[in-house]
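Chemist: Dumping the structure here so I can ask a few things about it.
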Amino acid sequence: SIAASIAAGHNWCGRQTKSGSVLYVAAEGLRAFQTRVPAYEVRHRIVAQNIRYLGADFNLLAGDDVEGLIKVLSDIGFMPDLIVLDMLARLIPGADENSAQDMGRAIAAMDRLKRATGSTILLVHHTGKDGASERGASALRGAADVKIKCSAADRFGTFDGAKMKDPERFPPIKHELEGIESG
């Protein structure tokens, strides 16, 4: 929803966004976007024209993959304002999420992407079994500027500004989940 809102220059959950281009790296579930994005567009009466998807295998810990993506983006003249990396476990195959060293390498790769493209990086990561905090090494939390915890129960979803480095934390955003017929 954040990516589509930015790509369409539309507000997100009642909050103003800055319109921009988006690269969505979908390491799993790329097919779901064929229904989710049109449903989001129908519901909000928007068109997310300025978004591109990468569904190929991509490994943050493989320098060739990171440099290759930077080169392709440069060659096609598409420097996104936002890069969504969905989801961490699939983007670091063979790495140990509990290892500060492996997470440090992933953070360095995201920083490389950020510097080379001027993009904001939005990383999707899961919580542990307890649902209280993210899985793995605390290095990831320390490197994040903002952490938004997304949860759903029954028919309601919540976005909670769990960590904000500079701005004030925002109060939880709650909304009812709804099914949308998109054709």
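Chemist: Of the residues Q34, Q49, which is among the polar types (S, T, N, Q) and assigned to a loop (DSSP other than H, G, I, E, B)? Let's see the steps before the verdict.
Modeler: Numbers: Q34 fails: assigned to a loop (DSSP other than H, G, I, E, B).
Of Q34, Q49, the one residue that is among the polar types (S, T, N, Q) and assigned to a loop (DSSP other than H, G, I, E, B) is Q49.
Chemist: Quick check: anything in the stretch 162-176 touching a residue at least 60 places away in the same chain (Cβ under 8 Å) and open to solvent by 60 Å² or more (accessible area, probe 1.4 Å)?
Modeler: Among the residues of the stretch 162-176, at least one is touching a residue at least 60 places away in the same chain (Cβ under 8 Å) and open to solvent by 60 Å² or more (accessible area, probe 1.4 Å), which makes the answer yes.
Chemist: For the stretch 35-65, name all the residues that are more than 17 Å from the chain's Cα centre (by Cα), open to solvent by 70 Å² or more (accessible area, probe 1.4 Å) and at negative phi.
Modeler: The initial filter retains those residues of the stretch 35-65 that are more than 17 Å from the chain's Cα centre (by Cα), namely 35, 38-39, 41-47, 49, 61-65.
After this cut, where a residue has to be open to solvent by 70 Å² or more (accessible area, probe 1.4 Å) as well, the list is 35, 42-43, 45, 47, 49, 64.
Passing the criteria: T35, V42, R43, V47, Q49, D64.
Chemist: Pairs under 6 Å by beta carbon, first residue closer than 16 Å to I92 by Cβ in the stretch 47-75, partner open to solvent by 30 Å² or more (accessible area, probe 1.4 Å) and acidic (D, E), six or more apart or different chains?
Modeler: So the pair list comes out as F58/D65; N59/D65.
Chemist: Pick from D96, D57, D111: which is within 22 Å of A143 (Cβ to Cβ), modelled with pLDDT under 95 and out of contact with any Ser or Thr (no Cβ under 8 Å at 6 or more places or on another chain)?
Modeler: Working: D57 fails: within 22 Å of A143 (Cβ to Cβ); D111 fails: modelled with pLDDT under 95.
Answer to the check: D96.
Chemist: Quick one: count up the residues across the stretch 144-161 that are surrounded by 15 or more Cβ atoms within 10 Å (Cβ to Cβ) and without any contact (Cβ under 8 Å) to a residue 40 or more places away in the chain.
Modeler: The initial filter retains those residues of the stretch 144-161 that are surrounded by 15 or more Cβ atoms within 10 Å (Cβ to Cβ), namely 144, 146-149, 157, 159-161.
Applying the additional criterion that residues be without any contact (Cβ under 8 Å) to a residue 40 or more places away in the chain yields 144, 146-149, 157, 160-161.
Final tally of qualifying residues: 8.
Chemist: Could you say whether any residue in the stretch 4-22 is under 20 Å from I121 (Cβ atoms), free of Cβ contacts under 8 Å to residues at least 12 places away in the same chain and among the hydrophobic types (A, V, I, L, M, F, W, C)?
Modeler: Scanning the stretch 4-22, I find at least one residue that is under 20 Å from I121 (Cβ atoms), free of Cβ contacts under 8 Å to residues at least 12 places away in the same chain and among the hydrophobic types (A, V, I, L, M, F, W, C), so the answer is yes.
Chemist: Let me ask something additional. Do we have G104 as open to solvent by less than 40 Å² (accessible area, probe 1.4 Å), over 28 Å from A32 (Cα atoms) and in a helix (DSSP H, G or I) here? Steps first, please.
Modeler: Values: open to solvent by less than 40 Å² (accessible area, probe 1.4 Å): yes; over 28 Å from A32 (Cα atoms): yes; in a helix (DSSP H, G or I): yes.
In short, yes.
Chemist: Which of the residues spanning the stretch 52-86 are acidic (D, E) and in a strand (DSSP E or B)? Full working, then the answer.
Modeler: If we filter the stretch 52-86 for residues that are acidic (D, E), which is where we start, we get 57, 64-65, 67, 75, 81, 86.
The answer is D86, and nothing else.
The values are calculated or read from the model by the stated rules, or taken from the named source; none is laboratory data. Predicted model, so just to flag it, every value in this text is computed and none were measured. Methodologically, a virtual Cβ is constructed for each residue, glycine included, from the backbone with ideal geometry; neighbour enumeration extends over all protein chains shown. SASA here: full protein model, heavy atoms, side chains in, ligands and nucleic acids out. Shrake-Rupley method; radii C 1.70, N 1.55, O 1.52, S 1.80 Å.
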